[in-house]
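Worksheet: the structure to be examined is printed underneath.
The values are calculated or read from the model by the stated rules, or taken from the named source; none is laboratory data. Quick caveat, the model's predicted, so the values are computed rather than measured. Here Cβ is always computed from backbone atoms with ideal geometry, including for glycine, and neighbour counts include all displayed protein chains.
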Amino acid sequence: MGRLIILSGPSCVGKSPLYAALKKFYPQLAARLMKLVLYDSRSARPGEVDGVDFHFRTRESIEGLRGKEGFTVFEVRGDLQALDTRELERKLAASDVYFDGNPYIASGLLDFIERHGTEYLSVFLSPLSKDEVLEFKTPGRSISLSELLTDMMRRKLLRRTTRQKGILSREDLENIEVRAAGAYGELKQAWRFTYVIPNHDGEDSDHWDAFYYPLGDARKALLAFAELIEGKEPALVEKWEQDLVP
């Protein structure tokens with residue numbers, strides 16, 4: 001039986017470029033991981049491939065999976081995603097399995113792990129460090145952590161989507177608002193994960209691939225994630241308490 005490796009965090013925090021960098025610079029590690037592919041009702045983004053990134057289906061098609069044996073359907077930032085647990089079990093029987101995605105789906109996978117006793121590594125990629133969260137929580141600070149995080153992720157999402165599409169539609173802007181507004185609730189899930197990696201270089205950052213090798217927090221996140229997969233515990237990683245994010 002293989003190990004389930006989970007990477008999660010808010011939308012645009014850097015999960016996709018981190019996995020791409022792992023495949024590029026640590027191919028021997030990435031080759032050991034069989035990716036878990038979920039069903040998704042949204043359209044593919046530029047560069048995404050059906051069956052590789054997600055099984056892209058209509059909303060009605062995924063609604064039809066509700067109640068079907070082996071399927072769990074999730075509402076994710078206005079879209080529907082579905083997990084085929086039978087596929088997960090087949091892949092775990094053959095290899096280590098990798099999943100990256102929404103924290104609420106990751107929480108569902110952690111519930112699966114508890115029921116089946118599966119070995120796992122769970123990592124939350126956070127746009128803020130533990131020290132920053134504690135700083136912003138200091139009594140007397142006139143800072144709303146929720147509003148700050150929403151604004152941070154809105155800016156990252158705007159930059160990412162503008163790079164992908166150029167001119168943004170009303171639907172794009174509405175989707176950005178949904179994803180940005182959901183980031184605070186998703187950050188509150190970080191305590192459930194074994195490790196938290198702070199990373200300020202979201203998917204909008206040049207630090208992932210503009211200079212061939214990752215720089216800044218992108219580099220640190222890549223090195224930390226690779227070490228965790230190898231069974232080490234790098235100094236960069238954090239462990240968050242349940243009450244850290246109020």
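Here is how the numbers come out for the structure above:
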{"item": "Condition check for residue 167: of a type outside the set (Gly, Ala, Ser), at pLDDT below 95, touching a helix residue (DSSP H, G or I) at 6+ places or on another chain (Cβ under 7 Å) and farther than 23 Å from residue 99 by Cα", "result": "no"}
{"item": "Every pair of residues 6+ apart whose Cβ atoms lie under 7 Å, when the first sits in the stretch 162-175 and is in contact (Cβ under 8 Å) with a residue 24 or more places away in the chain while the second is part of a helix (DSSP H, G or I)", "result": "165/172"}
{"item": "Some residue of the stretch 57-64 being surrounded by 13 or more Cβ atoms within 10 Å (Cβ to Cβ), touching a helix residue (DSSP H, G or I) at 6+ places or on another chain (Cβ under 9 Å) and not hydroxyl-bearing (Ser, Thr, Tyr)", "result": "no"}
{"item": "Helices (runs of 4 or more DSSP H) within the stretch 54-132 that include 3 or more residues hydrophobic (A, V, I, L, M, F, W, C), under 15 Å from residue 38 (Cβ atoms) and without any contact (Cβ under 8 Å) to a residue 12 or more places away in the chain", "result": "none"}
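Rundown of residues vs (1) within 23 Å of residue 6 (Cα to Cα); (2) in contact with a His (Cβ under 6 Å, 6 or more places away or on another chain); (3) loosely packed, with under 15 Cβ neighbours inside 10 Å; (4) not β-branched (Val, Ile, Thr), yes/no style:
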| site | (1), (2), (3), (4) |
| --- | --- |
| 149 | yes, no, no, yes |
| 153 | yes, no, no, yes |
| 158 | no, no, no, yes |
| 164 | no, no, yes, yes |
| 173 | no, no, yes, yes |
| 183 | yes, no, no, yes |
| 189 | yes, no, no, yes |
| 196 | yes, no, no, no |
| 201 | yes, yes, no, yes |
